[in-house]
Amino acid sequence: MARPLTLMLYLDNRPISNELENYMNTLASLTDKLTVNVADRNSSSDISPCVKISTDDGTETGLAFHGVPSGHEFTSFVLGLYNAAGPGQSLDADVREAIGKLGRKDMKVLVSLSCTMCPELVMAAQRVAAENEQVTAQVYDINHFPQLRQRYNVMSVPCLVIDDGAQVTFGKKNIRQLLELLR
């Protein structure tokens with residue numbers, strides 16, 4: 001990790017929030033590159049529990065995980081940290097150029113921690129967001145956010161919601177497939 005990051009926590013009164021806080025504190029204890037701050041202990045259950053990744057000066061990177069990034073999403077979360085802190089995973093020149101040309105995009109990726117197809121889309125979305133400050137990638141463990149399942153009629157995961165429902169797609173996607181959808 002080239003630069004330190006801050007893990008900003010938004011918590012509510014559910015046990016899953018305590019689990020997230022303990023999980024992030026344990027992760028941060030492994031390196032001096034991560035700091036944990038609790039931004040809100042009474043946050044809305046529409047977004048909590050949530051960890052938002054910020055630079056050490058408080059600038060949001062656009063990456064967030066709603067729930068606890070465990071199961072099949074642990075590796076995705078760690079790669080998100082690496083990509084946000086730099087140097088990040090390598091990108092082909094044409095992919096980097098396509099990411100740079102994107103305007104404002106908000107992605108919600110709805111996942112299940114037991115899904116083996118979800119991480120590829122999560123990693124692609126987070127990589128795009130880490131590379132372009134106009135793009136956000138918010139990952140939701142759908143088991144803790146039933147209102148999103150209902151709102152977007154989610155029957156399977158991963159589910160990608162672009163710009164608050166302007167486009168909703170299902171199934172795993174690599175970074176090139178994701179860029180096609182974001183253009």
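Values in this text are rule-based calculations from the coordinates and carry no lab data. Just so it is clear, the model here is predicted, and its values are computed rather than measured. Neighbour counts are summed over all protein chains in view; Cβ atoms, including those assigned to glycine, are modelled from backbone coordinates with ideal geometry.
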Check: Say we join alpha carbon atoms closer than 10 Å with springs in a Gaussian network model of the chain; which of 121, 20, 30 then has the biggest fluctuation?
Finding: 30
Note to self: Using the basic label-point model (7 angstrom from Cα toward the beta carbon), what is the residue 60 to residue 117 distance in nanometres?
What the structure shows: 3.0
Next item on the list: Using 0.36 nm per residue of separation minus the Cα-Cα distance, give me the extension gain between residue 45 and residue 153 in nm, one decimal.
Entry: 36.9 nm
Notebook entry, point to check: What are the ³J(HN,Hα) values, in whole Hz, obtained from phi via the Karplus relation 6.51 cos²θ - 1.76 cosθ + 1.60 with θ = phi - 60°, for each residue of segment 2-7 in sequence order, with x given for Gly and Pro?
Noted result: 6, 9, x, 10, 10, 9
Note to self: Amide H of residue 140 versus every other amide H placed in the peptide plane: which residues, excluding those fewer than 5 positions away on the same chain, fall under 5 Å?
What the structure shows: 66, 109, 110, 111
Check: Which one of 79, 110, 27 has the biggest mean-square fluctuation once the chain is modelled by GNM with Cα springs under 10 Å?
Finding: 27
Notebook entry, point to check: Of 31, 136, 55, which is the most mobile in a GNM of the chain whose springs link Cα atoms less than 10 angstrom apart?
Noted result: 31
Check: What list of ³J(HN,Hα) values in whole Hz, one per residue of segment 89-95 in order, does the Karplus curve 6.51 cos²θ - 1.76 cosθ + 1.60 (θ = phi - 60°) give from phi, with Gly and Pro shown as x?
Finding: 5, 5, 10, 5, 4, 5, 5
Margin query: Run through segment 1-82 and list the GluC sites (Glu not before Pro) located in a DSSP loop whose Cβ has at most 12 other Cβ atoms within 10 Å.
Written below: none
Margin query: Using the Karplus curve 6.51 cos²θ - 1.76 cosθ + 1.60 with θ = phi - 60°, what ³J(HN,Hα) values do you get for each residue of segment 156-170, in whole Hz, with x for Gly and Pro?
Written below: 8, 10, x, 10, 9, 10, 9, 6, 6, x, 4, 8, 10, 9, 10
Check: To the nearest 20 debye, what charge dipole does segment 96-151 have about its Cα centre, counting +1 at the Cβ of each Lys and Arg and -1 at the Cβ of each Asp and Glu?
Finding: 200
Note to self: Which log10 I(q)/I(0) values does segment 34-183 give at q = 0.09, 0.21 Å⁻¹ under the Debye formula, counting every alpha carbon as one identical point scatterer?
What the structure shows: -0.25, -1.46
Note to self: Nearest 500 deg cm²/dmol is fine: what mean residue ellipticity at 222 nm does the chain get from its DSSP H runs of n ≥ 4 alone, each adding -39,500 (n - 2.57), divided by its residue count?
What the structure shows: -10500 deg cm²/dmol
Notebook entry, point to check: Fully extended, how many nm does the chain gain between residue 25 and residue 13 (0.36 nm per residue separation, minus their Cα-Cα distance)?
Noted result: 2.5 nm
Notebook entry, point to check: Roughly how many whole Å is it from the C-alpha centroid of segment 107-183 to that of segment 1-44?
Noted result: 22
